[in-house]
Amino acid sequence: MSGSPPTPERALRRLEWTSLRRLDGLLQGNYRTLFRGAGLDLADLREYQYQDDIRRIDWNATARLQTPHVRDYLEDRELSAWFVLDLSPSVNFGSGALTKRDISVDFTGLLARILMRHGNRVGALCSDGGARHVLPARNGRQHLLQLMAQMMRPSAAPAQGVTDLGALLGAASGIIRRRSLVLVVSDFISAPGWEQALARLAMRHEVIAVRLVDPLEQDLPDIGLVPMRDAETGDWLMVDTHDPALRERYRRLAAEGNDHLLDALGRAGVDAMELRCDDDVVQVLLGFMQMRKQRSRLAGGAASAARAAITAGGARELPVA
């Protein structure tokens with residue numbers, strides 16, 4: 001039946017026949033630039049850059065060159081990837097054809113499919129604002145369908161207050177033991193204090209924050225008197241969107257919130273990407289891939305300069321104890 005609700009199998013087939021086909025041939029050659037493994041073999045030495053892991057600083061080279069330098073390691077071809085998924089009531093909002101939960105399902109399903117196709121294991125920690133569900137890192141189509149089913153399942157938790165993202169991130173630190181790629185997919189509508197938990201998670205893992213956004217959360221249209229409900233608390237409020245001062249204040253507060261969030265993610269040392277309900281998931285992934293590829297090239301140029309400086313100074317690398 002055309003009106004039947006989507007199933008995980010149908011949703012995955014749609015992604016495979018549309019988005020995945022478009023990505024074929026585009027991600028193949030750049031896969032290892034987009035997702036770095038956690039290898040142990042030394043590959044290169046380069047100058048320290050903002051957001052580098054301080055645990056990789058080479059103190060011998062730093063002392064010789066009088067500038068902080070870090071070690072780069074050969075990447076593992078296989079890695080464990082984890083999705084930390086915020087499925088709280090606020091992600092059920094959407095002003096258009098798709099909700100934030102819908103776009104989260106598409107993004108997670110597509111990326112997990114790409115990762116699994118390269119032999120990687122994928123795990124997930126999901127929270128609907130109440131119960132948490134853990135799917136251990138595994139491979140295989142059935143495992144992916146189980147993950148998508150968990151995301152598509154309607155939330156059983158009633159509105160009970162603002163989401164505590166910090167508690168979810170803290171739980172992730174305790175569950176994900178092996179160094180992994182961790183994608184935190186959330187709208188980041190949360191009680192304050194999650195920044196410290198995210199920074200602790202980023203100390204062990206490579207973390208990417210994926211922010212879910214609906215266009216209506218950034219700019220309020222002039223549509224008159226509108227009843228609005230807080231999905232997190234269940235409270236109702238009548239809002240006069242015809243008031244230009246209110247709409248301007250709404251835009252200003254949204255912009256300030258964006259700046260604060262970006263600053264917090266930067267201080268935590270994580271990469272960030274934005275996923276809007278009206279975005280093309282494929283284009284968002286490609287844009288993010290290009291950003292990381294460019295960063296890798298810049299790091300490679302710094303590494304060449306560092307090697308030349310060390311050679312000119314007669315320095316040599318010392319064995320690590």
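Would you mind calculating the relative contact order of the range 98-193 from Cα pairs under 8 angstrom and at least 6 residues apart, reporting the percent as a whole number?
25 percent
In whole angstrom, and with the biggest value first, how far do the Cα coordinates of the range 158-201 range along each principal axis?
Over the range 158-201, Cα extents along the principal axes are 34, 21, 17 Å.
Which order do Glu274, Glu206 take by accessible area at a 1.4 Å probe, largest first?
Heavy-atom accessible area, descending, gives Glu274, Glu206.
So how long is each side of the range 80-126 along the principal axes, counting just the alpha-carbon atoms, biggest first, in Å?
Principal-axis extents of the range 80-126 (Cα, largest first): 37, 20, 6 Å.
Trypsin sites (Lys or Arg not before Pro) within the range 135-214: which are DSSP loop residues with at most 13 other Cβ atoms inside 10 Å?
Arg177, Arg178
State, in angstrom, two size descriptors of the range 151-289 derived from its alpha carbons: Rg to one decimal place and Dmax to the nearest whole number.
Rg, Dmax (Cα atoms, Å): 17.0, 53.
Could you give me the ³J(HN,Hα) list for the range 265-279, computed from phi with Karplus coefficients 6.51, -1.76, 1.60 and θ = phi - 60°, whole Hz, x at Gly and Pro?
Values, residue by residue: 5, x, 5, 6, x, 10, 6, 9, 9, 10, 10, 8, 4, 9, 7 Hz.
Can you give me the Cα centroid spacing of the range 198-227 and the range 85-138 in angstrom?
If we compute the Cα centre of each part, the gap is 15 Å.
Shape verdict for the range 89-203, please, from the Cα gyration tensor: rounded (a/c under 1.5), prolate (a/b greater than b/c) or oblate.
It is oblate, given that a/c is not under 1.5 and a/b is not larger than b/c.
Among DSSP bridges having both ends in the range 78-154, what percentage is antiparallel? Round to the nearest 5.
Here the antiparallel bridges make up roughly 40 percent for the range 78-154.
Which translational diffusion coefficient, to the nearest whole µm²/s, is obtained for the range 223-284 from the Stokes-Einstein equation, given a Kirkwood hydrodynamic radius over C-alpha pairs, 37 °C and 0.692 mPa s? Don't jump to the answer; show the numbers that get you there.
Working: Rh = 14.6 Å.
D = 225 µm²/s.
Using only the C-alpha atoms of the range 178-240, find the volume of their convex hull and express it per residue in Å³.
With only Cα atoms used, the range 178-240 gives 102 Å³ per residue.
Starting at the first residue of the range 139-145, write each ³J(HN,Hα) from the Karplus equation 6.51 cos²θ - 1.76 cosθ + 1.60 with θ = phi - 60°, in whole Hz, x for Gly and Pro.
With coefficients 6.51, -1.76 and 1.60, one gets 10, x, 5, 5, 5, 5, 5 Hz.
The values are calculated or read from the model by the stated rules, or taken from the named source; none is laboratory data. In this text the structure is predicted, and so the values were computed from the model without any measurement. As a convention, Cβ positions derive from the backbone with ideal geometry for all residues, glycine included, and neighbour counts pool all protein chains shown. With ligands, DNA and RNA removed, areas are computed over all heavy atoms of the protein, side chains included. Shrake-Rupley method; radii C 1.70, N 1.55, O 1.52, S 1.80 Å.
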